[in-house]
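Q: Quick one: the structure is below, and I'll ask about it shortly.
The values are calculated or read from the model by the stated rules, or taken from the named source; none is laboratory data. Owing to the predicted nature of the structure, the values given are computational and were not obtained by experimental measurement. Using ideal geometry, Cβ is built from the backbone for each residue, glycine included, and neighbour counts are taken over all protein chains shown. Heavy atoms of the whole protein, side chains included, go into the accessibility calculation; ligands, DNA and RNA do not. Shrake-Rupley method; radii C 1.70, N 1.55, O 1.52, S 1.80 Å.
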Amino acid sequence: MSKPRILQIGSLSGSPVANAAVEERYDVLALWKSPDQAAFLREQAQDIEIAVTSAVTGISAEIINALPNLKAICSWGVGYDTLDIAAAHARNIQVSNTPEVLDDCVADIAWGLLLACPRQIALGDRFVRANHWENKTASLPLGMRVSGKKLGIVGLGNIGLAIAKRGLGFDMQVAYHNRRKRDDVTYDYFDSLIELAKWSDFLMIATVGGASTRHLINEEVMRALGPQSVLVNIARGSVIDEQALVKVLAEGALGGAALDVFDKEPKVPDALKTMDNVVLLPHIASATVETRKAMLDLMLENIDAFLKTGQVVTPV
Ligand code: 8YV
């Protein structure tokens, strides 16, 4: 029996395991490997009912509209700011993502960053490796206490809730800012992002990406957060005005930043790489063996459910 045919837009975050699993299961048309993608789509378009992509690669309206028989887009990852949902839904094309299975690992990295910056874990590691401790050629300044302080969360969704839960374990006061107050949590709600920033010792960005949150964290918010506080981002780089971030850090108007995501990945502003009060990671919050397998399994479950029933399992 022939394998079901699918279009794969891009490599699944460079994961050979994930790409191999898809190839084993389906007859894959690999758009990302074609030297002439427009010609490739013209030649293959009629056969394609299912497209596979990832939160990093996404899918444009141009590609969606080049596929007249497309019925489902299945994405590996929870974020869908890179997928043109409006273009898909305008043609009743189903879209699925992989929610919940990555919440804990993303929340763990959020806390890894939250601790690493004020407690100078990355800086201390570099200090030892440079033999400054051994040779007494430099001194490490004191860090900032984390436990018992104020954690402000911007975007209290599933991942934000997992981060907040971990905060209670550190005796933190936890508050949040959302577009709307949640009635299923007891954390303090700030309807003003500026007021939450003023209140917070640590401001954690856990919002969705895309146009609705672009530069939500602007210079005014960063100045409200202030020189004794730290900004952490595990959401999308687009949420922070990176130019303003470099400016306020250089002025000492913000105490530090710890970032897993950036506006133009994999490009990271060079100025951030020179700052000792900045911790930088290459978008690895969900990058554990366990979570990436769970994401893959859920994406495959979406594809197989659509093939069998005409419905995806976790629709966006
Ligand atoms: C991964 C992510 O980087 O799920 C998301 O939205 O940003 C991360 O899990 C991505 O999904 C893998 O392509």
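Q: Return the residues of segment 39-57 that are assigned to a helix (DSSP H, G or I) and among the hydrophobic types (A, V, I, L, M, F, W, C); say none if nothing qualifies.
A: ALA39, PHE40, LEU41, ALA45
Q: Right, GLY226: over 26 Å from ILE284 (Cα atoms) and of a type in the set (Gly, Ala, Ser) or not?
A: When the stated conditions are applied, GLY226 passes them.
Q: Would you tally the residues in segment 83-107 being part of a helix (DSSP H, G or I), without any contact (Cβ under 8 Å) to a residue 40 or more places away in the chain and not small (Gly, Ala, Ser)?
A: 1
Q: Would you check which residues across segment 88-104 are of a type in the set (Gly, Ala, Ser) and either within 16 Å of the ligand (Cβ to nearest atom) or open to solvent by 10 Å² or more (accessible area, probe 1.4 Å) (or both) and list them?
A: Within segment 88-104, ALA90, SER96 meet the criteria.
Q: So in segment 263-316, with the set limited to residues that are without any contact (Cβ under 8 Å) to a residue 60 or more places away in the chain, in a helix (DSSP H, G or I) and of a type in the set (A, V, I, L, M, F, W, C), which one is most open to solvent (accessible area, probe 1.4 Å)?
A: So the residue we want is VAL289.
Q: Specify which of the listed residues (GLU220, GLU242) is away from the ligand (no atom under 14 Å from the Cβ), of a type outside the set (A, V, I, L, M, F, W, C) and open to solvent by 50 Å² or more (accessible area, probe 1.4 Å). So that I can check it myself, show each step before the final result.
A: Details: GLU242 fails: open to solvent by 50 Å² or more (accessible area, probe 1.4 Å).
When all the criteria are applied, what remains is GLU220.
Q: Now, a different point. Out of the residues in segment 39-60 that are open to solvent by 20 Å² or more (accessible area, probe 1.4 Å) and without any contact (Cβ under 8 Å) to a residue 12 or more places away in the chain, which is nearest to the ligand (Cβ to nearest atom)?
A: Top of the filtered list is PHE40.
Q: Filter segment 133-156 down to the residues that are touching a residue at least 24 places away in the same chain (Cβ under 8 Å) and open to solvent by 30 Å² or more (accessible area, probe 1.4 Å) and list them by number. Write out each step before concluding.
A: Narrowing segment 133-156 to residues touching a residue at least 24 places away in the same chain (Cβ under 8 Å): 143-156.
If the condition is that a residue be touching a residue at least 24 places away in the same chain (Cβ under 8 Å) and open to solvent by 30 Å² or more (accessible area, probe 1.4 Å), then GLY143, MET144, ARG145, SER147, GLY148, LYS149, LYS150 are the ones that fit.
Q: While we're on this one: Restricting the search to segment 198-236, which residues are closer than 17 Å to ALA110 by Cβ, of a type in the set (S, T, N, Q) and either assigned by TED's automatic domain parsing to the domain that holds ALA86 or part of a helix (DSSP H, G or I) (or both)?
A: The one that is closer than 17 Å to ALA110 by Cβ, of a type in the set (S, T, N, Q) and either assigned by TED's automatic domain parsing to the domain that holds ALA86 or part of a helix (DSSP H, G or I) (or both): THR213.
Q: Here's another thing I want to ask about it. Consider LYS181 carefully, then state whether it is of a type in the set (Lys, Arg) and within 25 Å of TYR80 (Cβ to Cβ).
A: yes
Q: Using beta carbons and a limit of 8 Å, which pairs, at least six apart or on different chains, have the first residue in segment 16-31 and assigned to a helix (DSSP H, G or I) and the second one of a type in the set (Ser, Thr, Tyr)?
A: Taking only residues 6 or more apart or on different chains, the pairs are ASN19/SER11.
Q: Could you tell me which of the residues LYS33, LYS71, LYS3 is farther than 21 Å from LEU307 by Cα and of a type in the set (Lys, Arg)?
A: Numbers: LYS71 fails: farther than 21 Å from LEU307 by Cα; LYS3 fails: farther than 21 Å from LEU307 by Cα.
The match here is LYS33.
Q: Of the numbered conditions (1) within 24 Å of the chain's Cα centre (by Cα); (2) open to solvent by less than 50 Å² (accessible area, probe 1.4 Å); (3) not aliphatic (A, V, I, L, M), ARG179 satisfies every one except a single condition; which is it?
A: If we test ARG179 against (1) within 24 Å of the chain's Cα centre (by Cα); (2) open to solvent by less than 50 Å² (accessible area, probe 1.4 Å); (3) not aliphatic (A, V, I, L, M), just (2) comes out false.
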